[in-house]
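The values are calculated or read from the model by the stated rules, or taken from the named source; none is laboratory data. The shown structure was predicted, so the numbers you read here are calculated from the model rather than taken from an experiment. Methodologically, a virtual Cβ is constructed for each residue, glycine included, from the backbone with ideal geometry; neighbour enumeration extends over all protein chains shown. We work out accessible area using only protein heavy atoms, side chains counted, and drop any ligands, DNA or RNA first. Shrake-Rupley method; radii C 1.70, N 1.55, O 1.52, S 1.80 Å.
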Amino acid sequence: MTPESLTESPLIQSLSQLDWEVLLEAVPEGVLLVDGQGRILHSNRECERIFRYEPGELTGQPVEALIPASLRGSHEVHRNRYAERPYNRPMGQPLETVGLGKDGSEVPVEICLSPLQTPHGVVVVTGVRDATFRRNAEQMLCAMATVDPLTGLPNKALILDRLQQSIGVARAYRRYAAMILLDLDHFKRINESFTHGGGDRILALVAERLAEVLPEDATLARMGGDEFAVVMRDLADVHEAPKTARLLLEALEEPFLLDEKEFVLTASAGISVYPHDGEDAESLVQNAETAMYRAKQVRNSYQHFAPDATSRAAERLALENSLRKAIEQDELLIHYQPQVSPEDGRIVGAEALIRWNHPDLGLVSPAQFIPLAEETGLIVPITEWVLEKASQQALDWQEAGLQPVRIAINLSARHLKHLELAETVRNLLSEKGLAPQQLDLELTESLLMENLDVAVELLEQLNGLNVRLSIDDFGTGYSSLSYLKRLPIQALKIDRTFIRDLDTDRSSEAIVRAIIDLAHHLDLKVVAEGVEEEQQLAQLAKLGCDEIQGFFYSRPVPAAQFADLLSQDPFRRQPLGAL
C-alpha cells in the first residue's frame, strides 16, 4: 500500500474526523495542555485521576494548582525564561518531580514537556506519568537494604558498618571493640529434617534467643545462611567478649520446638578484639572467622583468635589445590533446576548449578567452594566449563527429541574483570550451534552495582549476541531502581527472601507486586525463585509472575533426571484455580 492510498483509507479518514479530546482520552498517560500564561486549557481523564480531580475541574486553573508551594518559585523562573525564548532550549526529556493533588497530598510524577506552535500562540503539551508505585517500591527496597528479611536483624552490610564505627570509637577513647561470629553446628541436618521453610523458621527462633541475652551496647546481625554476628562497642575489658560468647551458646541449650518436634542446637563461635587482633573491620571479621573454624573442630564452643593458628589456613590451601584439579579430574557436576511457566505448567528453562564431588570429602557444599573459587580466580575457568557442558547438554536433550529449554548460568564478580567473556560466549554459540535465546546469563544485583559502568559495557557486549540477561537476587542489593534504565537486561529474578513469607507477610506481597509491576512496565520478564508451596505459586500467578523456580516443582537434579522431567512433562496444564 502506498502512502497516498493509505491516506485515502476509511480508517485514516475516520481518525481525522475524531475530536482531539477523544484522541487525548485514548492516551494511557496523563496529558495537560497549558497556554503561555500558565493556564490549563485541557486535561485528559488519566491526568485528572493522577491529581484526584473530577472531570473538567482543572480547565481554566493556573498550572500552579498542581505544583507544591515549595516548588512554585523555581517553576515561575523556568516558565518566564521559557516564555521569552520558547525554542532556545531542548524539551521532551523526562523529569522526576512531585505534583500536588486536589486533597493537598504530594504525588510523585514523571513529566515530559513539548511545545506546540499554533496560529494563536504556543501551547505546552505536558505528559504526566504516575510514579507512585515505583517510588513506593524504592522506599520498601531501601528499607530492606540493611535488614535481613527473615529475622529482622541487621544484615551483613549494616553490621560491618557498625563494626567500623565501633573501631572508631574505641580508637578515639582508647577502649576495645569486639567481633563475635557464631555458626550453627550441623544445620544441614535441620534443613533436611524440616525442609528449607522449616529451617528458616528455626533461624528466626535462634535470632530471638540470641537477642534475649545480648548486652545493651552490642548489635546482633545475621551474616547469611546459619551464621550470626555480634559487634560489641566501647568495651573497658577484653574479657567482656568471651562472657558474651558464652551467653550466646548457653541461650541455645534449651531445646527448640517446631511442628511438634523437639530438637537441640549447638553453635561454634569465634572472637576477635580491636586492637589486638586487627585494626580494621576486614581484619577483625577474617580473624573471628579463623577462630570460629577452630571452634568447629570441637563444636559447641568458642575460641579466641590466635595469630599462630594455621589449621584453617592449611585446610584452605589443601581445598584450593584440590579445586584446581577438580575440572581435569572430572569431579565437577551440574544439577539442573526447572523454571516453569505458571500459565500452562510448561518447563521453559533450567538453572545450571555446579556441584563438586570430592574423592575424599564427598559432595562439597557450594557455599564452601564457590567463595574460594571467586577469591582465587578459579571461578572463571569453572564458569567456562559450566557454559560448555550445560550448552552441550541442552543440545543433547534436543537431539533426543525433547523440547528445547533455556539454560541459566550464573556469572561472578571476576567476569567483570574479564570482558573477553563475550568473545567466549560468541565462540561457544558458534561452535555448538545453540540458539542464543536458549542461553540466560545471570548476575546478582549487588555485583552489578559494585562497578556499574563496567557491568554496562559487558552486558551490552553480551546483549549484542541476543542471549538473555537476568538480574539475580533482585531486591536485596540496591535501594534505587533508576539504574535499571541503563542495563540491557530482559529479566529479573525475585530473591527467595521475598517469596518465603509471601502468603503470611503483607509487606513481602507488596514488594513482590511492586517488582512485578515495575518489571512489566519496563518490558522485563519476572522469575520467582525459592517457591515451595502451592499458595505461593497461586499468588505469584495472580500477580502476573512469568516463571517459577523452586522446590514446589523440583529440587536441582542431575541431567538424566531432568531429561525425565522433560520427557514426562509432569507440570503441564496444572490447574492454577485448584491451588
ask   = Would you pick out the residues in the stretch 337-377 that are under 15 Å from Val405 (Cβ atoms) and outside any strand (DSSP E or B)?
value = Ser341, Asp344, Gly345, Arg346
note = The number of residues in the stretch 80-97 that are open to solvent by less than 90 Å² (accessible area, probe 1.4 Å) and either at pLDDT 90 or above or over 23 Å from Glu29 (Cα atoms) (or both) is 4
remark   = When (1) under 34 Å from the mean Cα position of the chain (by Cα); (2) part of a loop (DSSP other than H, G, I, E, B); (3) not β-branched (Val, Ile, Thr) are applied to Glu254, the one that fails is (1)
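Restricting to the stretch 378-411, and then to whatever is part of a loop (DSSP other than H, G, I, E, B) and surrounded by 13 or more Cβ atoms within 10 Å (Cβ to Cβ), can you tell me which residue is farthest from the chain's Cα centre (by Cα)? Can you show your working first?
Quick first cut of the stretch 378-411, residues part of a loop (DSSP other than H, G, I, E, B) only: 378, 400-405, 411.
With the extra rule that they be surrounded by 13 or more Cβ atoms within 10 Å (Cβ to Cβ), the set shrinks to 378, 402, 404-405, 411.
Working: Leu378: 25, Leu402: 32, Pro404: 27, Val405: 24, Leu411: 15 Å.
Applying the filter and picking the extreme gives Leu402.
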task = Scan the stretch 201-227 for residues that are part of a helix (DSSP H, G or I), under 16 Å from Lys188 (Cα atoms) and open to solvent by 30 Å² or more (accessible area, probe 1.4 Å) and report the count.
result = 1
message = Condition first: touching a strand residue (DSSP E or B) at 6+ places or on another chain (Cβ under 6 Å) and part of a strand (DSSP E or B). Now tell me which residues in the stretch 232-251 satisfy that.
response = Met232, Arg233, Leu235
Single condition Asp501 does not satisfy, out of (1) crowded, with 21+ Cβ neighbours inside 10 Å; (2) closer than 30 Å to Arg201 by Cα; (3) not aromatic (Phe, Trp, Tyr) = (1)
remark   = So, first residue touching a residue at least 24 places away in the same chain (Cβ under 8 Å) and at positive phi in the stretch 530-552, second residue in a helix (DSSP H, G or I) and open to solvent by less than 30 Å² (accessible area, probe 1.4 Å), Cβ within less than 9 Å, six or more apart or across chains; the pairs are Gly530/Thr497; Gly530/Phe498; Gly530/Ile499; Gly530/Gln536; Gly544/Ile516; Gly550/Ile499; Gly550/Gln536; Gly550/Leu537
Residue within the stretch 426-443 that is modelled with pLDDT under 80, open to solvent by 30 Å² or more (accessible area, probe 1.4 Å) and either out of contact with any Asp or Glu (no Cβ under 7 Å at 6 or more places or on another chain) or not small (Gly, Ala, Ser) (or both) present = no
request  = Would you mind finding the one in Thr126, Thr118, Thr151 that is free of Cβ contacts under 8 Å to residues at least 12 places away in the same chain and either of a type in the set (S, T, N, Q) or buried (at least 17 other Cβ atoms within 10 Å of the Cβ) (or both)?
outcome  = Thr118
ask   = When the residues of the stretch 534-556 are filtered to those that are of a type in the set (D, E, K, R) and more than 19 Å from the chain's Cα centre (by Cα), which remaining residue is most open to solvent (accessible area, probe 1.4 Å)?
value = Lys542
task = Kindly indicate whether Asp259 is open to solvent by 70 Å² or more (accessible area, probe 1.4 Å), modelled with pLDDT under 90 and touching a strand residue (DSSP E or B) at 6+ places or on another chain (Cβ under 6 Å).
result = no
